[in-house]
1. In this structure, is residue 203 polar (S, T, N, Q) and under 24 Å from residue 272 (Cα atoms)?
2. Test residue 272 against the criterion of being at pLDDT 80 or above, surrounded by fewer than 10 Cβ atoms within 10 Å (Cβ to Cβ) and assigned to a helix (DSSP H, G or I), and give yes or no.
3. Residues of region 202-217 being over 15 Å from residue 191 (Cα atoms) and not hydrophobic (A, V, I, L, M, F, W, C), which ones?
4. Working only within region 143-191, note down all residues that are assigned to a helix (DSSP H, G or I) and in contact with an Asp or Glu (Cβ under 9 Å, 6 or more places away or on another chain).
5. Filter region 143-191 down to residues that are at positive phi and touching a residue at least 60 places away in the same chain (Cβ under 8 Å) and give me whichever is farthest from the chain's Cα centre (by Cα).
6. Filter region 166-208 for residues that are open to solvent by 30 Å² or more (accessible area, probe 1.4 Å), within 18 Å of residue 268 (Cβ to Cβ) and small (Gly, Ala, Ser) and give the result.
7. Out of everything in region 218-265 that is among the hydroxyl-bearing types (Ser, Thr, Tyr) and not in a helix (DSSP H, G or I), what residue ends up being farthest from the chain's Cα centre (by Cα)?
8. Test residue 214 against the stated conditions and say whether it is crowded, with 17+ Cβ neighbours inside 10 Å, in contact with a helix residue (DSSP H, G or I) (Cβ under 8 Å, 6 or more places away or on another chain), assigned to a helix (DSSP H, G or I) and among the aromatic types (Phe, Trp, Tyr).
Amino acid sequence: MILLQSPSRFLLQILHDRLLSQDKGVDIDCQTVEFDDVRYHIQVSMRNPKVLVLSVALPLPPEEAVSFDGLPFGAIEAIKAAYGPVVQILDPPKDGFDLTLKINLAKLPSDEEQKNAILLQIASIREVVLGAPLKILLKNLSMKTVGPEAGQPVALVHRPNESFFVVPQADKVTVVYPMRFLDSIDIVLATSFLQEFVEARRTAALSNAPACMWSQSPPPELKDAPESALTANAGFVTFVVNPRHVEGKKLDRTVWNLLTFHAYVSYHVKCSEGFMHTRMRRRVDTLIQALDRAKSDAEKLKKMVTGPSFKKLSMKDRA
């Protein structure tokens, strides 16, 4: 099983390169797209080589998802807490993007370990922004407090026009994913994968992991959710998160794993599909080789049976 990494390798590489070549660098203006349609645009001008401008476009939120000015609730506070004076939020953001940050490399700490930690945080801007509301709800769980949304499903965006639901309570947080796939083969593979995923949770080695359930129909926790958000052709996956799952350093890891669960399943479904295609191609090649060998053997046998012809001589010819 492969777990997706939080820092963007694209952003992290550019940040490190810019630190190493601030005087010899060139202007940078490049874009990239990550899974779930998260887009980055990073710009650097040699007129001010210690300043980077990073713009981020988030997945298009569905109607039921809660957001403020195009950002998940709590995102602005999370950015300020994570980066401090190193990062400044530009308002308004650049056209076509939901967030634009001005990163001042001159304000990075001199200590190498602290500097690398902040660079990793900047490269993890996706987790900081999209994971902000989930982190707030799970922090409340760790402190065993609840807000006004207690018992009600809160819709959080994680894919374009798709959301998952978080139902906070004082002693637990229930997270529900409507699993949707476009390809019919993906639907079959995902359904089988999720059922096996739930079965694996019951093993002794995973007894401390959050409880996991799969159902074809929406679970009771989503009875107050809008019907338009409850269409799922691969069923619904439910996790029950307890306070012990969000203690200390576990909080960030739990937030990231929950935020990217659908991408995690999609990745393994595509890997399974690719593996099966490879096996089928190998099987076909093996059958073709067997047919070729059978054809060659049949031709040899035919030659042996027919062999050279003999002419029967008459009595006159024999004389």
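1. Working: polar (S, T, N, Q): yes; under 24 Å from residue 272 (Cα atoms): yes.
The answer is yes for residue 203.
2. Numbers: at pLDDT 80 or above: yes; surrounded by fewer than 10 Cβ atoms within 10 Å (Cβ to Cβ): no; assigned to a helix (DSSP H, G or I): yes.
So residue 272 fails the test.
3. Our first condition is that a residue be over 15 Å from residue 191 (Cα atoms); within region 202-217, this holds for 202-211.
Those that are over 15 Å from residue 191 (Cα atoms) and not hydrophobic (A, V, I, L, M, F, W, C): 202, 203, 207, 208, 210.
4. Here is the first cut: in region 143-191, the residues assigned to a helix (DSSP H, G or I) are 184-191.
185, 186, 189 - these are the residues of region 143-191 that are assigned to a helix (DSSP H, G or I) and in contact with an Asp or Glu (Cβ under 9 Å, 6 or more places away or on another chain).
5. First, the residues of region 143-191 that are at positive phi: 144, 151, 161.
Filter once more, keeping what is touching a residue at least 60 places away in the same chain (Cβ under 8 Å): 144, 161.
On the way: 144: 29, 161: 16 Å.
Looking at the filtered set, the residue picked out is 144.
6. 184, 192, 200
7. First, the residues of region 218-265 that are among the hydroxyl-bearing types (Ser, Thr, Tyr): 228, 231, 238, 254, 260, 264.
Next cut, not in a helix (DSSP H, G or I) only: 231, 238, 260.
Details: 231: 21, 238: 18, 260: 5 Å.
My answer is 231.
8. Details: crowded, with 17+ Cβ neighbours inside 10 Å: yes; in contact with a helix residue (DSSP H, G or I) (Cβ under 8 Å, 6 or more places away or on another chain): yes; assigned to a helix (DSSP H, G or I): no; among the aromatic types (Phe, Trp, Tyr): yes.
So residue 214 does not fit the description; no.
The values are calculated or read from the model by the stated rules, or taken from the named source; none is laboratory data. The structure displayed is predicted, hence computed values, not measured ones. Cβ atoms come from the backbone with ideal geometry, glycine included; neighbour counts cover every protein chain shown. All accessible areas refer to the heavy atoms of the entire protein, side chains included, with ligands and DNA or RNA removed. Shrake-Rupley method; radii C 1.70, N 1.55, O 1.52, S 1.80 Å.
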